[in-house]
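Report on the structure given below.
A short reminder: the numbers here are calculations on the coordinates, not readings from a lab. Everything quoted here is computed from the prediction, not taken from an experiment. Positions of Cβ are backbone-derived with ideal geometry, glycine not excepted, and every protein chain shown enters the neighbour counts.
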Amino acid sequence: MDEFGPRNLLPRKGKAWRPHGRPRRLRATYHRYDGVMHMLAALDLATGKIYYRIRQRKRWQEFLGLLKALRARWPGEKLYVVLDNFSPHKHPNVRAWAAAHRVELVYLPTYGSWLNWIESEFAALRYFALNGTDHRSHGERNAAINAYIRWRNARAEPKTNLAPDSPIRTWTHYPAKAA
């Protein structure tokens, strides 16, 4: 689980399908009246699907709201949520709720957010849904994010196969223990 944002309404450079000729100019963003939005998302490793909420803030209340939605999705199971060390994840109310509802919060090491598998999903979201766009409203941009995640979730595969054919596995040979 992680946060993707803040996202403000500015044109994003990237590749886009358009006729050859003069490049389309990016509009200036001198005034940003609509503020920013944040996406809080969780990646289910068993199915490969992303579950998310887009909110105006990313405080502990919004984080707890997503945790409650995840708890409602899997009511009888113990949930393990991998997180970075962002302060709303460690709020006492969040920790108390998680302990009472069989949700174990697993914190990554400091400066180790790259270990969280959802970070690569955010890179794909940025590339496929946001690059080369100039959304005029948060609703328009949120619709593009929603369309991409619906497309992605329809083709999702479990993330449990941790590269069994990787050449790195052939490089590591551990000798049998001497008895």
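Structural descriptor for region 36-75: relative contact order 35 percent, calculated from alpha carbon pairs under 8 angstrom and at least 6 residues apart.
Tally Lys/Arg at +1 and Asp/Glu at -1 over every other residue whose Cβ is under 9 Å from the Cβ of GLY65; what's the total?
It works out to a net charge of +2.
Here's how it looks for LEU83: its modeled amide H is under 5 Å from those of VAL106, TYR107, LEU108, which are all 5 or more places away or on a different chain. Aspartates and glutamates near LYS49 by alpha-carbon distance under 18 Å, same-chain residues fewer than 8 away left out - which ones? Output for LYS49: ASP2, GLU3, GLU77, GLU119, GLU121, GLU157.
Modelled spin labels at ASP34 and LYS68, positioned 7 Å past Cα toward Cβ, are 2.8 nm from each other. Taking Lys and Arg as +1 and Asp and Glu as -1, the other residues whose beta-carbon sits under 9 Å from that of HIS101 total +3. For region 35-165, the square roots a ≥ b ≥ c of the C-alpha gyration tensor eigenvalues yield an a/c of 1.5 or more together with a/b not exceeding b/c, which makes the shape oblate.
Pairs from the list LYS68/LYS90; LYS78/LYS159; LYS90/LYS159; LYS58/LYS90 with a Cα-Cα gap above 23 Å: LYS90/LYS159.
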